[in-house]
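Visitor: Encoded as structure tokens, here's the structure I'll be asking about.
Values quoted throughout were computed directly from the atomic coordinates according to the rules given, and no laboratory measurement underlies them. These figures come from a predicted structure and were not determined experimentally. Heads up, the Cβs are rebuilt from the backbone with ideal geometry, glycines too, and the neighbour counts pull from every protein chain shown.
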Amino acid sequence: MKMSELDVAELISVISTAIAPTLFKGVDEKAAPHVWRERVRLNAQVMGRIAAVLHCGDEVGPDIHELIELCTRHMQTGYEQSFSEVLGPGGSLSKIHKL
């Protein structure tokens, strides 16, 4: 089997789930929103780099830097949208802090 034969979306999902406990270690519902945002940005950077390499297929070429930037921006956008529901004004984490 070659890298190009793998299901990249499935790999990204599995890897993301596997690294989340390490990246978010020590962060819970009592953590300040800026701490969550920092970890979300770090998660996007890590996953963007991993995704870029996986998308290269069988060989990583000189265009990897551009692909890393593209994948990282894509991850950041997706994560920011998801976490804004939790961290934004009226988000579920904000509601917990008000209790």
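Visitor: Take each of the peptides 28-36, 42-50, 58-66, average the number of other beta-carbon atoms within 10 Å over its residues, and list them starting from the highest. The partial results should precede the final answer.
Guide: Working: 28-36: 12.1, 42-50: 18.3, 58-66: 9.8.
Highest to lowest by the protection proxy: 42-50, 28-36, 58-66.
Visitor: Can you tell me the dipole magnitude for segment 9-48 around its Cα centre, using point charges on the Cβ only (Lys, Arg +1; Asp, Glu -1), in Debye to the nearest 20? Show your work: numbers first, answer last.
Guide: Numbers: 5 positive and 4 negative charges, 31 e Å.
Dipole size: approximately 160 debye.
Visitor: Would you mind getting me the FRET efficiency between Val14 and His34? Use the beta-carbon distance for r and R0 = 25 Å, nearest 0.05.
Guide: 0.30
Visitor: Continuing with the same structure: Nearest 10 degrees, 0 to 90: what angle lies between the long axis of helix 8-23 and the longest principal axis of the chain (Cα atoms)?
Guide: Between the helix axis and the principal axis of the chain, the angle is about 40 degrees.
Visitor: Which label belongs to the value computed from this structure, given these candidates for Rg/Rh (Cα atoms, Kirkwood Rh): (1) 1.24; (2) 1.07; (3) 0.95?
Guide: Answer by label: (2).
Visitor: So for segment 3-98, taking the charge dipole from beta-carbon charges (+1 Lys/Arg, -1 Asp/Glu), which of Thr72, Val8, Ala31 sits furthest toward the positive end?
Guide: The one lying farthest along the dipole's positive direction is Ala31.
Visitor: Measure nothing but the geometry: give the 0 to 90° angle between the long axis through the Cα atoms of 64-87 and the longest principal axis through the Cα atoms of the chain, rounded to 10°.
Guide: 20 degrees
Visitor: Which FRET efficiency value, to the nearest 0.05, is calculated for Val53 and Ser84 with the Förster distance at 25 angstrom and r the Cβ-Cβ distance? The partial results should precede the final answer.
Guide: On the way: r = 28 Å, r/R0 = 1.11.
Result of the calculation: an efficiency of 0.35.
Visitor: According to a simple spin-label model (label point 7 Å from Cα along Cα-to-Cβ), what is the distance in nm between His74 and Met3?
Guide: Going from the Met3 label point to the His74 one covers 1.5 nm.
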